[in-house]
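S.K.: Once you've had a glance at the structure underneath, I'll fire off some questions.
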Amino acid sequence: MSPDILLFISDQHAPQYQAGGQMPVDTPNLAALQEQGTAFDAAYTPCPLCVPARMAMLSGLSPYHTGIFTNNDTLPQTTPTFLHAMAAAGYETVLVGRMHFIGPDQRHGFTRRVAPDFTNSGWVRPQKTLEQDFGVHTQTMGYKWCIDVVGGGASPVVCYDDMVLDALEQYLAQPHSKPQLIVVGTYGPHFPYVAPPELFLKYLKTAQLPATWQGNEPWLNAQQRNLQEPNTRAEIVLACQAAYKGLVEHTDGLIGRARAAFDVFTQNRGTPALFGYFSDHGDTVGEHGIYGKKSFFEKSVRIPMVFAGSGVAAGQRITAPVSLLDLGPTVCDWAGADPL
């Protein structure tokens, strides 16, 4: 019997920010997933930027080989992904939410899309239209403006992610005849650094300034200095950290919802199951005076990666380095599909 698979990919989650991590956050669902499955403690992104990392993950090719190094590029339609291999093996390959595809091809091997994307490709629209959609957050979705609005409150990221989980739950409540490979894509904990108010206030009480927050290390090179947010006040650094932790906890709640719905779905079908969680890259959250990704500091390039399910060893921690490039071949092998 073919197993059903659900892969949950968040955006910009540094694994140091979770329960038991260097930067503690209440993430009970991730903790349970690690306890019941296998976690990879040295998982890394092939590129600390969304689109290059995601296209590398889908194709199994490094950015050097895809030629994709910016968020304005995507895979050619002639480049196969591991979704094509899974579809050829009889799977319904379903994308629920975000994958950051650019251009007219919004599938790249997915046979169904259940929830729309939320990506910066929309920035080419007129400024007035963007402001209607994003309000005060219009500029804060990107580098160099991400700390302009910080704190607790309503955020398009949180609203979008809640919608994605609603769509997933509705999809899993329906009958499906084919084996399922479902990829759930959320936008959080990607900036803007605005979290639900109760979570922001919770973590603001314990926020601490990183030792390197002023970014005055003499060894930083010109490219690293260009990523810095100059003249950032201490209270902004603390607020960014509190909001990011709040977004991580919110994402953990979504992971719990996804896993609970998937467990019911597979139990009703009587199928073997695999649930995986990972992110595309991390976030330095003010260390070295830098916010977000685009650097090769550990919090920018290391990612969470954990799997649980049928035949997966429980409570196992693997310290050997792994990459998002390993994901597609591993999933195909686990499901008995021949990689293209």
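Since every read-out is calculated from the coordinates, none of them should be taken as a lab result. None of the values given here were measured: they were computed from a predicted structure. Don't worry about glycine lacking a Cβ; one is built from the backbone with ideal geometry, like all the others, and counts go over all protein chains shown.
S.K.: If you take the C-alpha gyration tensor of region 1-95, multiply each eigenvalue by 5 and take the square root, what semi-axes do you get, largest first, in whole Å?
M.R.: Its equivalent ellipsoid spans semi-axes of 27, 21, 10 Å.
S.K.: Quick check on packing: order 313-319, 93-99, 162-168, 245-251 by the mean number of other C-beta atoms within 10 Å, highest mean leading. Spell out each step's value before the answer.
M.R.: Details: 313-319: 11.6, 93-99: 24.7, 162-168: 18.9, 245-251: 28.1.
Going from most to least packed, we get 245-251, 93-99, 162-168, 313-319.
S.K.: Which residue fluctuates most in the GNM of the chain (Cα springs below 10 Å): SER323, SER300, SER177?
M.R.: Checking each option, the largest mean-square fluctuation is seen for SER177.
S.K.: To the nearest 20 debye, what charge dipole does the chain have about its Cα centre, counting +1 at the Cβ of each Lys and Arg and -1 at the Cβ of each Asp and Glu?
M.R.: Charge dipole of the chain: 280 debye, to the nearest 20.
S.K.: Normalising by the residue count of the chain, find the relative contact order in percent from Cα pairs under 8 Å and 6+ residues apart. If you can, show how the numbers build up before the last one.
M.R.: Numbers: 743 pairs, mean separation 121.3, N = 340.
Relative contact order, the chain: 36 percent.
S.K.: Among 282-295, 221-234, 201-214, how do they line up from the highest to the lowest mean number of other beta-carbon atoms within 10 Å?
M.R.: Descending mean neighbour count gives 282-295, 201-214, 221-234.
S.K.: Here's a follow-up. Based on C-alpha coordinates, I'd like the Rg and Dmax of the chain, in Å.
M.R.: Answer for the chain, Rg first and Dmax second: 19.2, 60 Å.
S.K.: Per-residue ellipticity at 222 nm for the chain, helices alone: DSSP H runs ≥ 4 residues times -39500 (n - 2.57), over residue total, nearest 500 deg cm²/dmol? Display every interim value, and only then the final one.
M.R.: Details: 11 runs with 117 residues, N = 340.
The per-residue figure over the chain is -10500 deg cm²/dmol.
S.K.: Relative contact order for region 65-112 using alpha-carbon pairs under 8 Å, separation at least 6, rounded to a whole percent?
M.R.: Answer for region 65-112 is 42 percent.
S.K.: From the Cα trace of region 251-340, what convex hull volume per residue do you get, rounded to a whole Å³?
M.R.: Each residue corresponds to 137 Å³ of Cα convex hull volume.
S.K.: Along the positive direction of the dipole of the chain (beta-carbon charges: Lys, Arg +1; Asp, Glu -1; about the Cα centre), which of LEU58, ALA43, GLY103 reaches farthest?
M.R.: GLY103
S.K.: Of PRO197, GLY311, GLY151, which is farthest on the positive side of the dipole of the chain, counting Cα position, with +1 on Lys and Arg Cβ, -1 on Asp and Glu Cβ, and the Cα centre as origin?
M.R.: Going by the Cα projections, it comes out as GLY151.
S.K.: Taking amide H atoms as placed 1.01 Å from N in the peptide plane, list the residues 5 or more away in sequence, or in a different chain, whose amide H sits under 5 Å from that of ALA14.
M.R.: ASP283
S.K.: Something else about it: In square nanometres, what is one fourth of the surface area of the convex hull spanned by the alpha carbons of region 163-239?
M.R.: Mean projected area of the Cα convex hull: 9.0 nm².
S.K.: Now, a different point. Just the number: Rg to Rh for region 280-333, Cα atoms, Kirkwood Rh, two decimals.
M.R.: Across region 280-333, the Cα-based Rg/Rh ratio is 1.08.
S.K.: Among all helices in the chain defined by DSSP H, which have a length of 27 Å or more along the axis from Cα atoms plus a Kyte-Doolittle mean of at least 0.0? Present the calculation step by step, with values, prior to reporting the outcome.
M.R.: On the way: long enough: 234-269 (53 Å, 0.13).
Helices meeting the span and hydropathy rule in the chain are 234-269.
S.K.: Multiply the residue gap between ASN221 and ASP326 by 0.36 nm, knock off their C-alpha separation, and tell me the result in nm, one decimal place.
M.R.: Full extension of this stretch gives 34.7 nm more.
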